[in-house]
1. Would you mind counting up the charge near L18? Only other residues with Cβ under 13 Å from its Cβ, with Lys and Arg at +1 and Asp and Glu at -1.
2. For the stretch 34-49, in order, what is each residue's ³J(HN,Hα) by Karplus, 6.51 cos²θ - 1.76 cosθ + 1.60 with θ = phi - 60°, in whole Hz (x at glycine and Pro)?
3. Among V127, V137, V40, whose mean-square fluctuation peaks in a Gaussian network model of the chain (Cα, cutoff 10 Å)?
4. Using the Cα centre as the reference, give the magnitude of the dipole from point charges on the C-beta atoms of the stretch 5-147 (Lys, Arg: +1; Asp, Glu: -1; all else neutral), rounded to the nearest 20 debye.
5. Rounded to the nearest 0.05, what FRET efficiency do V72 and E49 have when you use their Cβ-Cβ distance and R0 = 22 Å?
6. What is the sum of charges around G97, taking Lys and Arg as +1, Asp and Glu as -1, for the other residues whose C-beta is under 15 Å from the C-beta of G97?
7. What number comes out for the charge environment of G54, summing +1 per Lys or Arg and -1 per Asp or Glu over other residues with Cβ under 9 Å away?
Amino acid sequence: MTAGWIARVWADRDHYELVRARAEPSPGGVEVPEFPTGHVEFEVPLRGEEVRIGRRGVPDDDPTATSPGDDVPGIDLTGPPRDPGVSHLHAVLLAVGPDRWVVLDAGSTNGTSVNYAAERLEPGTAVPLAPGDSIHVGAWTTITVERR
């Protein structure tokens, strides 16, 4: 078990600017959304052997809503603000041994990267994490894993 680890979740302007710079115009004219204002950083203790990263299937106008059978991820990125680039099941953190975590992209629509890398993770491929490493998902969300 990996005791004493947390995930710090925040809206990351640097990640957002990289996403905007890499964005290709889409046929439907969908643009990268505006960077959120007033986003509150939060922390999630990493407990258990698997922590899912994603968002609940709730209406955009009511991120506090729940529905029967709603599967709440361990790191719930439902919002507000809702990062539209985050999939319902985006990535997974797995405890490996007594003191290590790895991250896997779960086949997300927009991909996952680590430490501002230009390349997205190959879905299902475990990437080892060290304390202080950052996982980037969606248009602006960064999750930094830290020991406490």
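Read-outs: derived from the displayed coordinates by stated rules, not from any lab. Computed from a prediction, not measured in an experiment: that's the story for all the values here. Every residue, glycine as well, gets a Cβ built from its backbone with ideal geometry; the counts of neighbours run over all protein chains shown.
1. That sum, taken over residues with Cβ under 13 Å, equals 0.
2. Listing the rounded values in order: 5, 5, x, 10, x, 5, 9, 5, 9, 10, 10, x, 8, 10, x, 9 Hz.
3. Ranking V127, V137, V40 by mean-square fluctuation puts V40 first.
4. 200
5. 0.80
6. -1
7. Surrounding charge for G54 is +1.
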